[in-house]
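What follows is a set of notes on a single structure, which appears directly below.
The values are calculated or read from the model by the stated rules, or taken from the named source; none is laboratory data. Just so you know, these numbers come straight off a predicted model, no measurement behind them. Cβ placement follows ideal geometry from the backbone for every residue including glycine, while neighbour counts extend to all protein chains displayed. SASA here: full protein model, heavy atoms, side chains in, ligands and nucleic acids out. Shrake-Rupley method; radii C 1.70, N 1.55, O 1.52, S 1.80 Å.
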Amino acid sequence: MKSYSIKELLSSNLSLQEVTVKGWVKTFRSNRFIALNDGSTINNIQCVVDFENFDEALLKKVSTGAALEISGTLVESQGRGQTVEIQVKKLEVLGVSDPDTYPIQPKKHSLEFLREKAHLRVRTNTFAAVMRVRSSLSFAVHNYFQKNGFYNVHTPIITGSDAEGAGEMFRVSTLDQKKPPLNEAGEIDFKQDFFGKETNLTVSGQLEAETYAMALGKVYTFGPTFRAENSNTSRHLAEFWMIEPEVAFNDLDANMDLAEDFIKDVINYILEHCSEDLKFLEQRLIDEEKTKPQAERSDMPLIEKLKFVAENNFKRVSYTEAIDILKSSTPNKKKKFKYIIEEWGADLQSEHERFLVEKHFKCPVILFDYPAKIKAFYMRLNDDGKTVRAMDILFPGIGEIVGGSQREERLDVLLEKIKELGIDEEELWWYLDLRKFGTAVHSGFGLGFERLVLFATGMGNIRDVIPFPRTPQNAEF
């Protein structure tokens, strides 16, 4: 007999048909009603057992978390909350679950507790919904780029370059940690290492993606990236996924157009394909915020917020204009900001970004033309000599969600910037070659996938939107 998913059964018009379904027990009430879920949908299917026709010892094994195979007749439901249910004819326990030790009981668990049980937390409604939305967003990302003529490029995970210039990278080495070989200067001799040089886990696939954009035109990477930043915050991970398109012949304006169109497209995709999960996550957020003061609650319900972003133009504001707004803002004047904005050139913090989005403009904001001193070496220098063609997209509740720029395509200017920053020219010989052989205006951006999932699901901590979070002092599972 064909085995159906619960999603198929609940969305079908099947009636009085013999079906088989497999899943895990959510609850078992009155020795009669089994709520079964197989992960295909937020909804359970009710399976009604005539306990007088089943062995008592078998029914004792039906507990929360147990895996079952159930066969029976799909009928119109007599109870409220579901359209159909299964009258059980055959029940097999595929895997027992000890009710005394199974940690995911049918009650409210804290998110902190569930992080300690990351291998089982996806069996809760919240995490199952989050991970289904994450999966749909991942598909939507590839779908957007493929239908818009982009080619997917797999950039290296092990790299000898630091795209960000931050220096906070995870080293990759096979040298003896206790007695590494030393050179004449008394430093570690990486020439004897596996790759013959010092290598790290990548912080970005951007530089390599640029090389492919300058031949294929439009490319994107979507892969894992790593930052050895000792940040134990609700917005940072040591391992996360980055979406990075690079486009030849695009200037900054076209780059901003692409980023805005991309974000709207993927959000529209989940609004269409994840409605049940989003409704559940919206209600979860409403219930959670009931305990917070009114000032700390979301201005809009989750689905309304997603539609607002998808349907409205992003506000485009220069860094200089943003600084003027922040300097004259009430929180700045009353020193409510943790980091007071005093002069042009300040590096904006999350509190400043969120003020611009949530309080001042009340919509997503694209900031552009940042001071050169606070941005990476590869961003194109403007004619004023002080600012670069950079852009960041700021979202409510998140702050920066996208960072990008028009890349510096002029060899002489790029060489000068590399020299000023003390970057080894030899390390980037291949990157400089792009400016020697057929250079052209080109642009790109990076979007942290987990921050997008965070926004789309209404979750408050980035550790709750990735299956197994990697953070300082935590690499469990």
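Values as computed for the structure displayed
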quantity	calculated
Among residues of the stretch 415-435, those that are open to solvent by 70 Å² or more (accessible area, probe 1.4 Å) and within 16 Å of Arg380 (Cα to Cα), counted	4
Sole residue being within 23 Å of Lys375 (Cα to Cα), of a type outside the set (A, V, I, L, M) and open to solvent by 30 Å² or more (accessible area, probe 1.4 Å), chosen from Glu168, Glu184, Glu198	Glu168
Boolean, Ser318 is open to solvent by less than 70 Å² (accessible area, probe 1.4 Å), modelled with pLDDT under 95 and either out of contact with any Ser or Thr (no Cβ under 9 Å at 6 or more places or on another chain) or of a type in the set (S, T, N, Q) (or both)	no
Residue count for the stretch 215-242, restricted to those that are closer than 18 Å to Val153 by Cα, out of contact with any Phe, Trp or Tyr (no Cβ under 7 Å at 6 or more places or on another chain) and surrounded by fewer than 16 Cβ atoms within 10 Å (Cβ to Cβ)	1
Count of residues meeting criterion [surrounded by 11 or more Cβ atoms within 10 Å (Cβ to Cβ) and either among the acidic types (Asp, Glu) or touching a Gly at 6+ places or on another chain (Cβ under 7 Å) (or both)] in the stretch 283-310	6
Boolean, Thr155 is under 30 Å from Gly444 (Cα atoms), open to solvent by less than 60 Å² (accessible area, probe 1.4 Å) and either of a type outside the set (A, V, I, L, M, F, W, C) or touching a Gly at 6+ places or on another chain (Cβ under 8 Å) (or both)	yes
Any hit, the stretch 14-25, residues being β-branched (Val, Ile, Thr), under 26 Å from Ala128 (Cα atoms), crowded, with 18+ Cβ neighbours inside 10 Å and in contact with a helix residue (DSSP H, G or I) (Cβ under 8 Å, 6 or more places away or on another chain)	yes
Scope the stretch 46-85; condition of a type in the set (Gly, Ala, Ser), at pLDDT 95 or above and part of a loop (DSSP other than H, G, I, E, B); matching residues	Ser63, Gly65, Ala66
Count of the stretch 436-453 residues which are in a loop (DSSP other than H, G, I, E, B) and either surrounded by 15 or more Cβ atoms within 10 Å (Cβ to Cβ) or in contact (Cβ under 8 Å) with a residue 60 or more places away in the chain (or both)	4
Subset of the stretch 279-313 (residues that are among the β-branched types (Val, Ile, Thr) and farther than 17 Å from Leu454 by Cα)	Thr291
Subset tally (residues that are touching a residue at least 24 places away in the same chain (Cβ under 8 Å) and open to solvent by 20 Å² or more (accessible area, probe 1.4 Å)) for the stretch 243-259	5
Any hit, the stretch 133-143, residues being touching a Gly at 6+ places or on another chain (Cβ under 9 Å), surrounded by fewer than 19 Cβ atoms within 10 Å (Cβ to Cβ) and part of a helix (DSSP H, G or I)	no
Residue pairs meeting the criteria (Cβ under 7 Å; at least 6 apart or on separate chains; first within 16 Å of Ala456 (Cα to Cα), in the stretch 291-302; second of a type in the set (A, V, I, L, M) and at pLDDT 85 or above)	Ser298/Leu285; Pro301/Ile286; Leu302/Leu278; Leu302/Leu281; Leu302/Leu285
Within the stretch 349-391, tally of residues that are open to solvent by 20 Å² or more (accessible area, probe 1.4 Å) and of a type in the set (A, V, I, L, M)	3
Boolean, Asp383 is in a helix (DSSP H, G or I), out of contact with any strand residue (DSSP E or B) (no Cβ under 9 Å at 6 or more places or on another chain), at pLDDT 95 or above and of a type in the set (Asp, Glu)	no
Residue that is surrounded by the most Cβ atoms within 10 Å (Cβ to Cβ), among those in the stretch 86-115 that are assigned to a helix (DSSP H, G or I) and of a type in the set (A, V, I, L, M)	Leu114
Yes/no for Ser328 being in contact (Cβ under 8 Å) with a residue 24 or more places away in the chain and among the small types (Gly, Ala, Ser)	no
Identity of the residue in the stretch 392-414, over 18 Å from Thr439 (Cα atoms) and charged (D, E, K, R), that ends up least open to solvent (accessible area, probe 1.4 Å)	Asp392
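To keep it simple, each residue is scored yes or no on (1) without any contact (Cβ under 8 Å) to a residue 60 or more places away in the chain; (2) closer than 25 Å to Met131 by Cβ; (3) surrounded by 18 or more Cβ atoms within 10 Å (Cβ to Cβ); (4) of a type outside the set (Ser, Thr, Tyr).
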{"position": "Lys2", "(1), (2), (3), (4)": "yes, no, no, yes"}
{"position": "Lys7", "(1), (2), (3), (4)": "yes, yes, no, yes"}
{"position": "Asp38", "(1), (2), (3), (4)": "yes, yes, yes, yes"}
{"position": "Asp50", "(1), (2), (3), (4)": "yes, no, no, yes"}
{"position": "Asp55", "(1), (2), (3), (4)": "yes, no, no, yes"}
{"position": "Leu59", "(1), (2), (3), (4)": "yes, no, no, yes"}
{"position": "Gly65", "(1), (2), (3), (4)": "yes, yes, yes, yes"}
